[in-house]
Amino acid sequence: MLSQSHNQAFREFQQALEQMYCQVEPDHVARSAIQEQFQALKGLFITEIASISVEDIPLDYVSRWQSLKTEIYKQIRLLENDLMLLQASRTPDKAKLRQKRVCDRIGTLIDYCQGWLQQSQEQP
């Protein structure tokens, strides 16, 4: 479905998500470092993933690609909001709840990457 270079970009995006997940998961989260990591992740998505043109996708997969790209973009925007709420947390209980939401959102994005890459490998 995607060229090797585009699949590599997806793998890099997935790895960046996994690294961010590992940073967010511990109890003592370095919130400023996570924000920096998120900005790098967002930049990676915009330059490497969102820039993939429909001309680079086989016709049978264009609709799925557009849906996936839209959904990833939406999840990234929601992740950005979740991170802002995490930053604003004043109590440990609120921080823990928001931290879980951030982890869940990152997990969803990782699942999207894995699904797309798995489909790419199954393509004849």
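The values are calculated or read from the model by the stated rules, or taken from the named source; none is laboratory data. None of the values given here were measured: they were computed from a predicted structure. Every residue, glycine among them, receives a Cβ derived from its backbone with ideal geometry; neighbour counts consider all protein chains shown. Heads up: the accessible areas ignore ligands, DNA and RNA and are worked out on the full protein's heavy atoms, side chains in. Shrake-Rupley method; radii C 1.70, N 1.55, O 1.52, S 1.80 Å.
Here is a check on your reading of the model: is ILE72 modelled with pLDDT of 90 or more and more than 16 Å from GLN8 (Cα to Cα)? Even if it seems obvious, please write down each step before you answer.
Details: modelled with pLDDT of 90 or more: yes; more than 16 Å from GLN8 (Cα to Cα): yes.
For ILE72, the condition - modelled with pLDDT of 90 or more and more than 16 Å from GLN8 (Cα to Cα) - is met.
From the residues in the stretch 28-47 that are among the charged types (D, E, K, R) and touching a residue at least 24 places away in the same chain (Cβ under 8 Å), which one is farthest from ARG90 (Cα to Cα)?
In the first step, residues of the stretch 28-47 are kept if they are among the charged types (D, E, K, R); the result is 31, 36, 42.
If we keep only those that are touching a residue at least 24 places away in the same chain (Cβ under 8 Å) too, we end up with 31, 42.
Details: ARG31: 13, LYS42: 26 Å.
My answer is LYS42.
Looking only at residues in the stretch 86-102 that are buried (at least 16 other Cβ atoms within 10 Å of the Cβ) and either at positive phi or part of a helix (DSSP H, G or I) (or both), the one that is farthest from the chain's Cα centre (by Cα) is ALA95.
Within the stretch 77-91, the set of residues being at pLDDT 95 or above and basic (Lys, Arg) comprises just one member, ARG77.
The residue of the stretch 59-69 that is modelled with the highest pLDDT, among those that are surrounded by 13 or more Cβ atoms within 10 Å (Cβ to Cβ) and not charged (D, E, K, R), is LEU68.
Could you tell me which residue of the stretch 103-121 is nearest to LYS42 (Cα to Cα), considering only residues that are open to solvent by 90 Å² or more (accessible area, probe 1.4 Å) and at pLDDT below 90?
Taking the candidates together, the pick is GLN118.
The numbered conditions (1) part of a helix (DSSP H, G or I); (2) closer than 27 Å to SER120 by Cβ; (3) in contact with a helix residue (DSSP H, G or I) (Cβ under 7 Å, 6 or more places away or on another chain) are all true for SER67 except (3). Scanning the stretch 27-57 for residues that are over 19 Å from GLU12 (Cβ atoms) and either part of a loop (DSSP other than H, G, I, E, B) or out of contact with any Phe, Trp or Tyr (no Cβ under 9 Å at 6 or more places or on another chain) (or both) gives ASP27, HIS28, VAL29, ALA30, ARG31, SER32, ALA33, GLN35, GLU55. Restricted to the stretch 1-22, and to residues that are at pLDDT below 85 and assigned to a helix (DSSP H, G or I), which residue is least open to solvent (accessible area, probe 1.4 Å)? Within the stretch 1-22, the match that is least open to solvent (accessible area, probe 1.4 Å) is HIS6. Residues that are over 20 Å from SER5 (Cβ atoms) and loosely packed, with under 14 Cβ neighbours inside 10 Å within the stretch 32-58 comprise SER32, ALA33, GLU36, GLN39, listed in sequence order.
When you check GLN19 against the structure, is it in contact (Cβ under 8 Å) with a residue 40 or more places away in the chain and within 16 Å of the chain's Cα centre (by Cα), yes or no?
When the stated conditions are applied, GLN19 does not pass them.
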